Every structure is written in structure tokens, then in C-alpha cells.
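Quick notes on the structure that follows.
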Amino acid sequence: MSNPRVVIVGVGFAGLNAAKALRKAPVRLTIIDRRNFHLFQPLLYQVATAALNPSDIAYPIRSIFRRQRNVVSVLLAEVVNIDLDASEITLDDGQTILYDYLVVATGATHSYFGHDEWSEVAPGLKTIEDALVIRSRVLRAFEEAERNPDQADRWLSFVVVGAGPTGVELAGALIEIAVHAVGDEFDAVDPRNARVVLVEGTNRVLPPYPEGLSASARRQLEKLGVEVLTSALVELIDLDGVSLSTGERIEAGTVIWAAGVEASPLGRMLGAEMDRSGRVMVQPDLSVAGQPNVFVAGDLALVEGVPGVAPAAIQMGRHVASAIWADISGENRLPFRYRDKGSLATIGRARGVADIRGIRFSGLFAWIAWLAIHIFYLIGFRNRVFVLASWAWSYLTFRRGARIITGLPKHE
Ligand SMILES: Cc1cc2nc3c(=O)[nH]c(=O)nc-3n(C[C@H](O)[C@H](O)[C@H](O)COP(=O)(O)OP(=O)(O)OC[C@H]3O[C@@H](n4cnc5c(N)ncnc54)[C@H](O)[C@@H]3O)c2cc1C
């Protein structure tokens, strides 16, 4: 009998780790992703704020698996349908692929809470393209201010919506760009007068973190010069700024969306229960109810008490591999157990907050812990070296090496 066909859809943290943990398994692996690279999303904001280049945080999927002998196929394709009765998936070109085991690890994207029209004026941050759009808009805002000093207040105002880790990191980086990276490079305006406003709907920044760390994060942001508005919901976003539920209107040339999550639409094809954001309720072994050979892992999976973070996706990916291993070895599958490794967020160039196994600290040490962990998990030796070098340079000089405005000039 030939080895079972395992199809993994999505090479984010979950899919990547499932495939790697199966490297010695007697299976035939097909790996499918609509991008040809694995993306290290936790550092996307560094691309969006010109600290890193896109290739520093992306790694070609083919290279990752070039020596894994049970990988029979790596496909650059979008999966558009899952037929559970036929045990078959369909790719964007209509090609179908049969599976014995299916791992769906297609992640999540941002949600505008029913206001998709805001995506044009307030880009979110989920892909390399999003990061480049944000980088261009931020850098262009300073250029617009220089050319139109009478509108400098608006062009030098930046609003970040959502004070989760991404929003906090973006806001801290934006104020540092304005004050340090480009502060002394303009003639008609002074970027050091820039206004960065972080807007959050709940009553504190970093809502899932312990209250003490939220308070510390807020203090650190305010010390940097970020205005933090909590208990404020965004009611309208247009080209000139945002209107809030508090009645306040902020005129801003750049608005960035860092709130809301919506799971991958593939989850809807699995016939399982889902929550409001489309995450799929899974069985204790991460399989889909009634489909023991179909697994969901990572941000797409809904497991009580497990947050949508990279360590959870890594652990789920490995767990799915262990369940497949158990089947092959004739053993019982074990239930998934999440090991909380803690939470970290950075604030600007050398500050942060950390909660690691109940030990809470903030400031420079939290930033160093964040730096070490991100370098450790970053895939590829070249990426690690380049990222470390870029950070060292930024740390010592306050400069940012990737200040490139991409996209066509407005008149073309
Ligand atoms: C800006 C940002 C900052 C973050 N910061 C942190 C952080 O500091 N710490 C932390 O722990 N977590 C952080 N996260 C969350 C973390 O990145 C996610 O929890 C993690 O990436 C989830 O992994 P995943 O494998 O489920 O999905 P993803 O990493 O999203 O991977 C999904 C993969 O599926 C592919 N795919 C999607 N649909 C299809 C399809 N139909 N067909 C084929 N391929 C498809 C995608 O191309 C992608 O490669 C951050 C996320 C973002 C967006």
C-alpha cells in the first residue's frame, strides 16, 4: 500500500510547522500556498515603517522544503474549494487534488467590521503589499507636507486604529520616524511636530495583556509623544481623517487600520461551527467534527483560550503532525494542549512590555527579549543576519534603511 497523501494548504506558522514535523513520516506531502514565500508576519510593521525590507522577513517555500524527501509537490496556487465527500480540493485553475489527510492552515486577515469601503483610505497590515502601501503613504505624507506647508497639520497627522500589539508597534515606530529618522531633513515643515494618534475602542491599550502592562505600554507611548485615545470607536474614515464616537474629529492625511480579524473563507467549506469572525470550531485533536482526517490549525482554528498568535499556530501545526503520526503508528491521538509562552510587544526603538510565564517587565529589557525571540524564530540564516544588521544600524543611528516610496507617482 502506498503512503497516505497529506495535503497542507497554507505555509504560515501552522502549515510550515506541520510539514516540518512530518519530515520523517511515511507520507506523500503536497504543500500549497498562494504565495511562493513564508511570511514572518510579526515583523511586517517594520517593513511598513521602513526599518526592514520585504525580503528580510519572507523566505521562499521551495527552499524550505528542498531537502525534505517526502514532499512530492510544492504548488504556488490558491485553493478555492474543498469537497469533503470526494476528499478533494480544487485550485484556482480548476485542477483537483485528492487527499487522505488535509491540513487547512490558511490564517486570517483584517476585518473592517462591515465597513469594507474604509480599506481604500485606511489600509490594514497583513501582507507584504499592505506593508509597502503603508510605507509609501507614510513617507509620501511628509513629502506632501513639504510641498503644501499650509496643509502641514493634516499631512503630519497619523491615526492608527486599534491598540493591539500591531497598533502599538506601528504608533511607536511612526513617531520615531517623524522625530528621528526624517526630523531634520525637510525645509518648509518640521516633521518633529507630527501628531500620531492611537485610537482604541476598549478602555486600555493591549487589551489582552495584564492591566499593569497595558498601563505601562500607555505610559511608554505617551512618553514618546503618541496621543492615546481609549474608549473611542471609529465611526467614519474618509480621505481627510477620522470621526470618533466621542464626537472628536481628527484631520489626518494617513490612517492605518490595525483592528479586527476575519478568518480565511476556506473555513466556511468545512461544514463545521464557526464563531463570528469565521474561525472554525475544532475537536480536541484539531480535526473537524465528523471529518477525522481533516485538520484546521493556526489562526483559522477556534480553540477555547488559545489566542491568534504565532506560538499557538506553531504548536497547532506540530500537534496536527503528531495526530497523523499517531494514526500511522496505530496509536491514539492526544488532545491539543496550548503552552502559553507569554506576550511581548515593542514600543519604538528600545522599549516594550513582556509577560513571560507570569514574569512581567517593561522597558529596555522587554525590547531585548522581543528582539532575541524574533531573531530565533525568523527563518533563514540570511534573514537573521540582515535583520540584526538593520536593527543595529537603526538603533545606533536612529535611521531607517528602507525609506523607499514605491508605486507610481500620482500624475502617472
Ligand atoms: C501585522 C501582524 C503582526 C503580528 N505580530 C505578532 C506578534 O508580534 N507575535 C505573535 O505571536 N503573533 C503576531 N501576529 C499573529 C501571527 O502572525 C499569526 O497568529 C500567525 O501568522 C498565524 O499563523 P497561520 O499559519 O495560522 O496563518 P498565516 O501565517 O496567516 O499563514 C496563512 C498562509 O496561508 C496562505 N493562504 C491563505 N489562503 C490561501 C488559499 N486559499 N490557498 C492557498 N494558500 C492560502 C497564505 O498565503 C499564508 O501563507 C501578527 C500578525 C500580523 C498580521
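Bear in mind these aren't lab numbers, they're just calculated from the coordinates by the rules spelled out. These numbers come from a predicted model, not from an experiment. Cβ atoms come from the backbone with ideal geometry, glycine included; neighbour counts cover every protein chain shown.
Fully extending the segment from ASN53 to GLU143, taken as 0.36 nm per residue of separation minus the present Cα-Cα distance, adds 30.3 nm. Expressed as a whole percent, the proportion of Cα-Cα pairs in the stretch 4-46 lying more than 17 Å apart is 35%.
In debye, nearest 20, what is the charge dipole magnitude of the stretch 264-397 about its Cα centre with +1 on Lys and Arg Cβ and -1 on Asp and Glu Cβ, if you could check?
580
Across the stretch 47-131, Cα-Cα pairs farther apart than 19 Å form 62% of the total. Taking the DSSP beta bridges with both ends in the stretch 281-377, the antiparallel portion is around 90 percent. Put simply, the C-alpha atoms of the stretch 246-321 give a gyration tensor, and the ellipsoid matching it has half-axes of 32, 14, 10 Å, longest first. Along the axis of the charge dipole computed for the chain (Cβ charges of +1 for Lys and Arg, -1 for Asp and Glu, origin at the Cα centre), the listed residues ALA289, ALA19, ILE175 are led at the positive end by ALA19. Shown for the chain are the DSSP H helices of 18 Å or more along their axis, judged by Cα atoms, with a mean Kyte-Doolittle hydropathy of at least 1.6: 364-377. So for the stretch 342-412: antiparallel DSSP bridges make up what percent, rounded to the nearest 5? Taking every DSSP beta bridge with both residues in the stretch 342-412, the antiparallel ones total about 100 percent.
One chain, two ends: GLU211 and SER245. Fully extended at 0.36 nm per residue, the span grows by 9.9 nm beyond their Cα-Cα distance.
Quick one: of the DSSP bridges fully inside the chain, what percent are antiparallel, nearest 5? Here the antiparallel bridges make up roughly 50 percent for the chain. Here the convex hull built on the C-alpha positions of the stretch 282-346 has a volume of 78 cubic angstrom per residue. Centre-to-centre separation between the Cα atoms of the stretch 230-262 and those of the stretch 271-320: 32 Å.
Need the full-extension length gain, MET269 to ASN203, defined as separation in residues times 0.36 nm minus the C-alpha distance. One decimal, nm.
Length gained, MET269 through ASN203: 20.1 nm.
Helical runs assigned H by DSSP (4 residues or longer) give the chain a calculated mean residue ellipticity at 222 nm of -9000 deg cm²/dmol, each run adding -39500 (n - 2.57) before division by the residue total. Cα convex hull, the stretch 1-146: 134 Å³ per residue, rounded to a whole number.
Cα-based values for the chain, radius of gyration first and Dmax second, are 22.2, 75 Å. Each of GLN95 and ARG69 was given a label point 7 Å from its Cα along the Cα-to-Cβ line. The distance between the two points is 2.5 nm. Within the listed set ILE347, ILE177, ILE328, the residue fluctuating most in the Gaussian network model of the chain (springs between alpha-carbon atoms under 10 angstrom) is ILE328. Ordered from longest to shortest, the equivalent ellipsoid semi-axes for the stretch 113-259 are 23, 18, 14 Å, each the square root of 5 times a Cα gyration tensor eigenvalue.
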